[in-house]
Amino acid sequence: MRYAAAQYACAPLDIAANVTRHLAFIDAAGAAGVQLLVFPELSLCGYELAGMGACALKADDIRLAPLRERAASANMTIVVGAPLANAGALPSIGAITFHPDGRTSSYRKHFLHAGEEQHVAAGSAISQLHDVRGTRVALAICADTGQQQHAHAAAVAGAGLYAAGSLISAGGYDKDTGQLAGYAKLFGMGVLMANHAHPSGGYQSAGRSAIWASGGELIVAAPGPGEMLVMADDNGGKVVALA
């Protein structure tokens, strides 16, 4: 399987513009033979916590139909970061997975950063796994990865790849990626981290999306900020800049 982190730059609170830009990433990934593509935390709206309620989505929202259709036509599993609606409650920071067979599924961030609880509700499930070309892929969202029990739950459930959509600053990068590399080594699973390409919600992203092998060795990482595809397969890794 060839899989990729989409190092993506969000348009704040503009679902339509972000869907269109996601399609450009998906097309580039498809041309490169990618079968699993993971976008950063809240890639459909940006890390705009105070405005999330106004653009909260359900997985079957008609505005997301182009992503569902492209997953099918490209025969690709696509994980996007989304503000997920909760009936009568605060929205959640979520991930929507578009499967090649037309199905969609949603995961809600289980562990929140301090202060996020003012704007969003935590998800109840600690882990969600998908079978992608025979590999079990566990999803994580940013602060989830700061809790070893989250990665442990994924490993116990049989994950071969731990895939995180994140927003990581330069100041937090070494600590956060050190943990991710440690999970790859400790639990014997590959790890993928998709970071934002540019600042979002007032936070300066480090970029440098990365993928680690199951023993903890770094396969590939983006050199810094900017829109890029960071790809890996059994033959190694590659970074491609997007115009």
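The values are calculated or read from the model by the stated rules, or taken from the named source; none is laboratory data. Note that this is a predicted model, so its numbers are computed, not measured. We place every Cβ from the backbone using ideal geometry, glycine too, and count neighbours over all the protein chains shown. Ligands, DNA and RNA are stripped out before the accessible areas are found, and what is left, the full protein with its side chains, is counted by its heavy atoms. Shrake-Rupley method; radii C 1.70, N 1.55, O 1.52, S 1.80 Å.
Summary of values
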| read-out | value |
| --- | --- |
| Neighbour cut-off at most 15 other Cβ (10 Å), DSSP loop, trypsin sites (Lys or Arg not before Pro), segment 84-157 | R103, R133 |
| Positive minus negative residues near T104 (Lys, Arg vs Asp, Glu; Cβ under 12 Å) | -1 |
| Accessible-area value, D233, 1.4 Å probe, nucleic acids and ligands omitted, Å² | 30 |
| Carbon + sulfur, % of accessible area of the chain - ligands and nucleic acids excluded, 1.4 Å | 51 |
| Charge tally in the Cβ shell below 11 Å around C142, where Lys, Arg are +1 and Asp, Glu are -1, C142 excluded | -3 |
| J(HN,Hα) series, segment 173-188, from Karplus relation 6.51 cos²θ - 1.76 cosθ + 1.60, nearest Hz, glycine and proline x | 5, 4, 5, 5, 6, x, 5, 5, 4, x, 5, 4, 6, 5, 9, x |
| Accessible area per residue in Å² at 1.4 Å probe, computed on segment 10-56 | 31 |
| Kirkwood Rh and Cα Rg combined as Rg/Rh, segment 137-237 | 0.95 |
| Positive-pole candidate from G33, S209, A154, dipole of the chain, charges at beta carbon | G33 |
| Of [x] 40; [y] 56; [z] 47, the label for percent of Cα pairs over 23 Å apart derived from the coordinates | [x] |
| For segment 148-243, accessible area per residue (1.4 Å probe, heavy atoms of protein chains only), Å² | 42 |
